[in-house]
Structure formats: C-alpha cells, structure tokens
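Take a look at the structure set out below.
The values are calculated or read from the model by the stated rules, or taken from the named source; none is laboratory data. In this text, all values refer to a predicted model and were calculated from it rather than measured experimentally. Every residue, glycine as well, gets a Cβ built from its backbone with ideal geometry; the counts of neighbours run over all protein chains shown. For the accessible areas, the whole protein counts, side chains as well, though only heavy atoms, and no ligand, DNA or RNA atoms are used. Shrake-Rupley method; radii C 1.70, N 1.55, O 1.52, S 1.80 Å.
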Amino acid sequence: MWASLLRKSLSSLVNLFHGSYYSNMVSYAKKIQMFDGVNARGKRSVASSKASDLLKMINFNTDQPFNRIFCNPLTVVLSDDKKSVTLTIPHFQPFSQLHWCVRFQSYRFILVIAQLADMVWNEAERQYEPVVAGLARCTVTTVSEWHSRISDAVDLCLKASFEEAALQQPDTTVVVALGIEVTDCESVSSCVTPTVNGVMAIVECFV
C-alpha cells in the first residue's frame, strides 16, 4: 500500500519507470519499517518521515539507473513558507554530464514535488492507512523546455509550488523527484513521432 501511494504521488513520471522498480519500492518499504521499534511485527508503520534518506536510494529504472545517467551536482531548496521547491543545476553540460545509453539530440528536465504520508496500522479497521488522506493529490509538476545536446553549458533552474504550505501535518514528507527525458529529434516541435526515453529519481526529501 505504501509503494502504491508513492507511485501514485509520482504518477506524472511513470513513463520513466522501468524494470523491477516496484519490487524495489516494496523492499525499501520493509527497510523503513525496521525503524519502528514500538509496534509488533505485521503492524509496524512505514514512516517515511523517520527514514526519508532511504527514499533517495530507490531505483526506479533498473535498466538505466539514474546515477549512471546524470552526474552533475544539484541543489534543492524548500522556501521558508514551505510552499515552493527550487531545484538548480549549475553549469550543466549535457554532452559530458548526461550519459544516455544511445545517442540523443535533445533533453529536458521534469521536477515533481509531492507530499507523502506515513502509513500506519489501524487496529480498529485491521488495515494500513495513511496518517493523512488525500495527499497524493497534492502533487505539482514543472517541465523545462527542450534543450539541444550540443548547446553550451547552462545554469538550469526549476521551481514548483504547492497551493498551500506543506508539512503542516506531522508524519508527512515532501518528496522531490527529478526526471530527465531525452529524444533523438533535434527539433521536438517539428518531429512527428519523437522517440522519448528517460530516467528519474527522488533527489531530496523534507520533513
């Protein structure tokens, strides 16, 4: 249920999920459960807010792992009012810092911010439930323009904002995911049927 909740919150990037990513998500859910030393086995919470760094280790593309494709430092900042997330990639050089498995002509970045609730056992209902319902709808996606692979180094900046301040409820996490799409078209707007591939990863979490 936790893996399904996370997948739903990142649904705008689902085309970049490949391979046995779902079993990988479930595996990390079980690792997060180990941080619950209070509840009995079978009723342990999946508290992302207590082990948010583990989310950044989930591999959503077992065929082309994100850290093999993208190798440039980035900075992620949550605004003081907890509404906006800004992701910057300084001095990005696609021809040397974006290593896709085949030659590509254009690329773009996708920033997704989502709010993820911890999953806890409800004894009365005899089932797991999120501590806050409906957070999967609080997802915002920002997509950059397409850029040429042979362009000069650029400073990239993406920003996404929630309608209301996040983290107002305890046991919740703001998840920041970055997707990268590549295509073999030099001009995507004039390409009739562009072939688009890509990868994504959770790059930061705020609690």
| note | For segment 61-97 the number of residues that are touching a His at 6+ places or on another chain (Cβ under 9 Å) and charged (D, E, K, R) is 2
| Only listed residue being hydroxyl-bearing (Ser, Thr, Tyr) and closer than 28 Å to Leu55 by Cα, chosen from Ser106, Ser96 | Ser96
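Look at segment 45-77 and say how many of its residues are in contact with a Lys or Arg (Cβ under 8 Å, 6 or more places away or on another chain) and touching a residue at least 40 places away in the same chain (Cβ under 8 Å).
Initial filter on segment 45-77 (in contact with a Lys or Arg (Cβ under 8 Å, 6 or more places away or on another chain)): 51, 54.
Adding the requirement that they be touching a residue at least 40 places away in the same chain (Cβ under 8 Å) leaves none.
Residues flagged as in contact with a Lys or Arg (Cβ under 8 Å, 6 or more places away or on another chain) and touching a residue at least 40 places away in the same chain (Cβ under 8 Å) within segment 45-77 amount to 0.
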| request: Quickly run through segment 1-43 and pick out the residues that are touching an Asp or Glu at 6+ places or on another chain (Cβ under 8 Å) and within 17 Å of Ile110 (Cβ to Cβ). | output: Leu16, His18
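Residue by residue, here is whether (1) open to solvent by 40 Å² or more (accessible area, probe 1.4 Å); (2) assigned to a helix (DSSP H, G or I); (3) closer than 28 Å to Ala165 by Cβ holds:
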{"residue": "Val38", "(1), (2), (3)": "yes, no, no"}
{"residue": "Arg41", "(1), (2), (3)": "yes, no, no"}
{"residue": "His91", "(1), (2), (3)": "yes, no, no"}
{"residue": "Ser96", "(1), (2), (3)": "yes, yes, no"}
{"residue": "Arg103", "(1), (2), (3)": "yes, no, no"}
{"residue": "Ile113", "(1), (2), (3)": "no, no, yes"}
| task | Might you let me know whether segment 62-74 holds any residue that is over 28 Å from Pro194 (Cα atoms), over 15 Å from the mean Cα position of the chain (by Cα) and either open to solvent by 40 Å² or more (accessible area, probe 1.4 Å) or polar (S, T, N, Q) (or both)? | result | yes
| Search result, residues across segment 1-22 that are without any contact (Cβ under 8 Å) to a residue 60 or more places away in the chain, closer than 18 Å to Lys56 by Cβ and of a type in the set (Ser, Thr, Tyr) | Tyr21, Tyr22
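Checking the structure you have, find out if any residue of segment 47-59 is open to solvent by less than 50 Å² (accessible area, probe 1.4 Å) and part of a strand (DSSP E or B). Step through it out loud before you land on a result.
Looking only at segment 47-59, we keep the residues that are open to solvent by less than 50 Å² (accessible area, probe 1.4 Å), and these are 47-49, 51-52, 54-55, 58-59.
Imposing the further condition that a residue be part of a strand (DSSP E or B) reduces the set to none.
No, segment 47-59 contains no residue that is open to solvent by less than 50 Å² (accessible area, probe 1.4 Å) and part of a strand (DSSP E or B).
Restricted to segment 116-172, and to residues that are part of a helix (DSSP H, G or I) and open to solvent by less than 70 Å² (accessible area, probe 1.4 Å), which residue is modelled with the highest pLDDT? I'd like the intermediate steps shown before the answer.
To start, the set of residues in segment 116-172 that are part of a helix (DSSP H, G or I) comprises 135-137.
Right, trim to open to solvent by less than 70 Å² (accessible area, probe 1.4 Å) and you get 135-136.
Values: Leu135: 84, Ala136: 75.
Looking at residues that are part of a helix (DSSP H, G or I) and open to solvent by less than 70 Å² (accessible area, probe 1.4 Å), I get Leu135.
Kindly indicate whether Asp80 is in a loop (DSSP other than H, G, I, E, B), without any contact (Cβ under 8 Å) to a residue 24 or more places away in the chain and open to solvent by 40 Å² or more (accessible area, probe 1.4 Å). Write out each step before concluding.
Details: in a loop (DSSP other than H, G, I, E, B): yes; without any contact (Cβ under 8 Å) to a residue 24 or more places away in the chain: yes; open to solvent by 40 Å² or more (accessible area, probe 1.4 Å): yes.
Yes.
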